[in-house]
Every structure is written in structure tokens, then in C-alpha cells.
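The values are calculated or read from the model by the stated rules, or taken from the named source; none is laboratory data. What you see is a predicted model; the values in this text were computed from it and never measured. Ideal geometry is used to build each Cβ from the backbone, glycine not excepted, and the neighbour counts take in all protein chains shown. The area values use the complete protein model at the heavy-atom level, side chains included, leaving out ligands, DNA and RNA. Shrake-Rupley method; radii C 1.70, N 1.55, O 1.52, S 1.80 Å.
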Amino acid sequence: MPLPIALFSFLLFLHFPAAALSNSDTEESISVVGFKVPWLFDDEIRGPYNAVFDHMRQTYAYNIDIDFLPIRRAERRFFNGTPDCYLIGDYQEGVFEDRGLQRSDIIISDPINIVRIRLVTRPGEPVISSLEEVYGRTLVVDLAIGGYDRVSRVHLKEPVAAIDSVDVRQAVNVLLQKRVDIAMVMDYDLALFMRRNPGISKPAFDPGLVIEEVTDAVVCKRNPRSIKFIQHVNEQLAILRASGDLDRLLTTPLTIAAEQNPTSTTP
């Protein structure tokens with residue numbers, strides 16, 4: 001065989017296995033939409049869920065691409081677009097069915113965390129012990145739980161005067177400023193906020209009243225890539241739970257700095 005042809009053949013031999021491996025990696029890559037929730041799961045103001053997700057990426061054999069978007073845009077991107085998965089999702093089947101998907105179309109990881117929706121009031125004021133007590137009062141609803149639109153559909157029998165907040169910080173701010181009477185927030189988000197801002201007056205709630213229990217998880221459209229990815233997530237969650245590292249990651253808020261002027265933000 002002439003030398004140029006032999007050299008060309010050798011180069012092809014080297015090239016094709018590498019190309020095949022690269023294509024395999026691409027085929028196994030997972031695309032994820034992240035719900036942009038500052039101090040919880042965010043590309044700029046990172047939180048405990050970033051730490052959990054970082055562990056999943058570091059221990060996975062294939063590439064995981066993630067794009068952080070505000071909650072409503074993230075949901076639209078997932079349900080109307082091409083991403084395989086989103087985080088933070090939950091087990092509410094109505095969320096999928098409202099968008100034309102059946103439970104069988106979706107695969108969900110084991111729980112990362114379980115949080116509860118609470119009704120909180122200003123410190124020193126009576127706590128809310130029944131959902132009926134919101135009627136005739138003003139309410140702020142954290143968008144992390146779907147905002148007033150979802151709450152009115154799922155939990156309220158009649159309309160109430162309400163506004164949405166972009167996060168728990170804003171919900172606490174308008175409550176303490178007496179712009180509303182009650183705030184509806186996640187107890188986990190509230191606990192993280194108070195740890196970051198120990199000087200802020202802590203809102204109160206009735207521990208016996210749970211408006212809704214939400215299981216945070218990774219949610220994916222069912223396909224071969226996502227099945228493999230969810231299996232990996234579940235395996236790693238089991239390892240983290242057994243070692244106690246999951247609880248440590250979830251209960252350790254960022255300590256870079258407390259939020260500046262925590263009562264000055266307005267909706």
C-alpha cells in the first residue's frame with residue numbers, strides 16, 4: 001500500500017472510534033431547565049439545591065446542560081420545548097395533565113426535599129389556624145408556589161385581595177411593611193431566609209395548618225436518556241441520605257453575606 005494511502009487509513013482508524021464516543025456522549029446528554037429561585041436554586045444567587053444538583057453533575061458519566069429561567073418561563077420551556085427535565089418539580093399530576101401529558105409520559109425522581117405551604121403573619125399577631133381566615137384580608141403569595149392564580153384555583157373558594165411576590169424575601173418584606181395581612185410561603189424557603197437574616201422579625205405560623213405539602217424532585221419527559229438520568233439521581237440521593245450529607249446540604253444556607261436592606265424591596 002502506498003505510504004499516503006496507508007497514512008490516510010491510519011488516521012481514519014484513529015478518528016472513527018473517537019467520533020463514535022463523542023456521538024454516544026451527545027446522545028446520552030441531558031438538558032435541564034432550572035427554576036430560577038434566588039438563594040434556593042439559581043445560577044447567580046446559589047442555594048442548597050445548587051449544591052445537591054452539583055453533586056449529581058459531578059457524579060454523572062454524561063454531560064448535563066442546564067438553563068436557568070424564571071419559574072413560569074421555565075415551565076413553558078419544558079412543556080412546550082425540547083428540554084428533557086426540570087428542577088424544581090413535584091408529584092402533582094394535575095400539572096402535567098393540564099398541559100396534555102399523562103403521568104406515564106413523565107418520570108420523577110425520589111424526593112429531594114418535602115416542603116409545606118404555610119400562612120404566616122407578623123410576629124406578635126394571631127396566627128392563622130384555618131384557610132377560611134384569609135377571606136376579607138389581603139394576601140401576598142410567593143410565585144415559588146404558583147402565585148395567586150394557582151392558589152385561587154386549587155385552594156380558595158372565593159377571591160381575596162392578593163398580590164404575587166417574586167420570592168420569599170419579597171413576601172416577608174411586604175408583610176412586615178403592613179402592606180398585606182398574610183403571606184403564603186414555603187416553610188423551607190422561609191427558614192433559609194431567616195437563617196440568612198437573623199436580625200429580621202420572624203413571621204409566625206400555626207404548625208398545625210398545612211395548606212399543601214410539596215415534594216421537590218427532578219421531573220423529566222420519559223425517554224431512554226431521562227430514565228438513565230433519574231436512576232442516577234435516585235442512587236445518589238440514597239447515598240447522600242445514608243451519609244447524612246443530604247440533610248447537611250439542604251439545611252446549610254449560603255453565608256457569603258446576608259441580603260442587603262432586607263426590608264426595602266417592593267413588588
(request) Write out, first by first residue and then by second, each pair whose Cβ atoms fall under 6 Å of each other, whose residues are 6+ apart or on separate chains, and whose first residue, in region 229-253, is over 14 Å from Val218 (Cβ atoms) while the second is open to solvent by 20 Å² or more (accessible area, probe 1.4 Å) and small (Gly, Ala, Ser). (result) Leu249/Ala51
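If I ask for residues that are among the aliphatic types (A, V, I, L, M) and crowded, with 17+ Cβ neighbours inside 10 Å, which ones from region 41-65 would you list?
Ala51, Val52, Met56, Ile64
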(message) Among the residues in region 92-111, are any in contact (Cβ under 8 Å) with a residue 12 or more places away in the chain, among the basic types (Lys, Arg) and either in a loop (DSSP other than H, G, I, E, B) or farther than 25 Å from Arg225 by Cβ (or both)?
(response) yes
(request) Identify, from the list Tyr148, Tyr135, the residue that is more than 17 Å from the chain's Cα centre (by Cα), open to solvent by 10 Å² or more (accessible area, probe 1.4 Å) and touching a residue at least 24 places away in the same chain (Cβ under 8 Å). (result) Tyr135
(request) Looking at (1) within 25 Å of Arg46 (Cα to Cα); (2) surrounded by fewer than 19 Cβ atoms within 10 Å (Cβ to Cβ), find the lone condition where Gln92 falls short. (result) (1)
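Rundown of residues vs (1) within 15 Å of Pro123 (Cα to Cα); (2) basic (Lys, Arg); (3) at pLDDT 95 or above; (4) open to solvent by less than 30 Å² (accessible area, probe 1.4 Å), yes/no style:
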{"position": "Ala162", "(1), (2), (3), (4)": "no, no, yes, no"}
{"position": "Ala171", "(1), (2), (3), (4)": "yes, no, yes, yes"}
{"position": "Leu175", "(1), (2), (3), (4)": "yes, no, yes, yes"}
{"position": "Val185", "(1), (2), (3), (4)": "no, no, yes, yes"}
{"position": "Gly199", "(1), (2), (3), (4)": "yes, no, no, no"}
{"position": "Val210", "(1), (2), (3), (4)": "no, no, yes, no"}
{"position": "Ile230", "(1), (2), (3), (4)": "no, no, yes, yes"}
{"position": "Leu246", "(1), (2), (3), (4)": "no, no, yes, yes"}
(request) For Arg116, work out the one condition from (1) closer than 25 Å to Leu192 by Cα; (2) open to solvent by less than 30 Å² (accessible area, probe 1.4 Å); (3) within 20 Å of the chain's Cα centre (by Cα) it doesn't fulfil. (result) (2)
(request) Filter region 72-87 down to residues that are in a helix (DSSP H, G or I) and surrounded by 18 or more Cβ atoms within 10 Å (Cβ to Cβ) and give me whichever is modelled with the lowest pLDDT. (result) Glu75
(request) Give the residues of region 26-61 that are among the hydrophobic types (A, V, I, L, M, F, W, C) and not in a helix (DSSP H, G or I), sorted by residue number. (result) Ile30, Val32, Val33, Phe35, Val37, Trp39, Leu40, Phe41, Ile45, Ala61
(message) Cβ-Cβ distance below 8 Å, separation of 6 or more or different chains: which pairs start in region 182-194 with a residue that is within 23 Å of Ala161 (Cβ to Cβ) and end on one that is outside any helix (DSSP H, G or I) and of a type in the set (S, T, N, Q)?
(response) Ile182/Thr121; Ile182/Thr138; Ala183/Thr121; Ala183/Ser165
